[in-house]
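S.K.: Pasting a structure here, questions to come.
The values are calculated or read from the model by the stated rules, or taken from the named source; none is laboratory data. Just so you know, these numbers come straight off a predicted model, no measurement behind them. Here Cβ is always computed from backbone atoms with ideal geometry, including for glycine, and neighbour counts include all displayed protein chains. To get the accessible areas, we keep the full protein, side chains included, count just its heavy atoms, and leave off ligands, DNA and RNA. Shrake-Rupley method; radii C 1.70, N 1.55, O 1.52, S 1.80 Å.
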Amino acid sequence: MKSPRNAAGGDWDLSRIQSLADELGNPQPALRFLAKYLSMLPQRVERIVHALDEGDASETTTALLSLKISSAMVGALETEHQCRAMECMIRENHFEDAARALPSLQQTTDRCLASRSNLIRAAHVSLNRHRGHFHS
């Protein structure tokens, strides 16, 4: 179910959405979570931008952790990895390196947003194909 380098602009593992749907016993909440993740992406990135601009390592780490965890839950592997790397940079007192890594994170999230409908459609198809009882 992995689909590396798809139209969503990065590495995505749709099996993570499947796992969430399995845990919930229904694909609809998992699909809503994915849609909410994508709709909140600009605000989450803006929170990171603002915290970096302010030089606030604690707030930057918190914002990165939030995006990293939600990215892991939906299978946004590239975003998750970039957040993890930036978080490590800050924890190792390399705040400026984290700030320099921000444009790459922004490019990744921009690609995710640009292909939002394709990603949601692919997740829906994947969930319906994976489990007969998940047809809506």
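S.K.: Counting only protein heavy atoms, what percent of the accessible surface of the chain is carbon or sulfur at a 1.4 Å probe?
M.R.: Within the chain, the accessible surface is 52 percent carbon and sulfur.
S.K.: Determine the equivalent ellipsoid of the stretch 1-111 by diagonalising the alpha-carbon gyration tensor, then write out the semi-axes as square roots of 5 times the eigenvalues, largest first, rounded to whole Å. Intermediate values should be presented prior to the final figure.
M.R.: On the way: eigenvalues 138, 38, 28 Å².
They are 26, 14, 12 Å, listed from largest to smallest.
S.K.: Given R₀ = 30 Å, FRET efficiency for residue 43-residue 129 by Cβ-Cβ distance, to 0.05?
M.R.: Taking R0 as 30 Å, the efficiency between residue 43 and residue 129 is 0.40.
S.K.: Counting other Cβ atoms within 10 Å of each Cβ, which GluC sites (Glu not before Pro) in the stretch 32-108 have at most 11 and sit in a DSSP loop?
M.R.: Those that pass, being in a loop and sparsely packed, are 92.
S.K.: Only helices at least 30 Å long along their axis, Cα-based, and averaging -0.5 or more on Kyte-Doolittle count here, so list those DSSP H runs from the chain.
M.R.: Helices meeting the span and hydropathy rule in the chain are 27-54.
S.K.: What distance in nm lies between label points placed 7 Å from Cα along the C-beta direction at residue 96 and residue 15?
M.R.: 4.2 nm
S.K.: Further question on the same structure: Accessible area per residue of the stretch 1-130 at 1.4 Å probe, in Å²?
M.R.: On a per-residue basis, the stretch 1-130 sits at 50 Å².
S.K.: Further question on the same structure: Per DSSP H run of n ≥ 4, the term is -39500 (n - 2.57); total these for the chain, divide by its residue number, and report the mean residue ellipticity at 222 nm rounded to 500 deg cm²/dmol.
M.R.: Working: 6 runs with 106 residues, N = 136.
So the calculated ellipticity at 222 nm is -26500 deg cm²/dmol.
S.K.: Let me ask something additional. With a cut-off of 8 Å between alpha carbons and a minimum separation of six or more residues, what is the relative contact order of the chain in percent?
M.R.: 32 percent
S.K.: Using r as the Cβ-Cβ distance of residue 88 and residue 118, and R0 as 22 Å, what FRET efficiency do you calculate, to the nearest 0.05? Before the final figure, lay out each step's value.
M.R.: Details: r = 31 Å, r/R0 = 1.41.
The pair residue 88/residue 118 has a calculated efficiency of 0.10.
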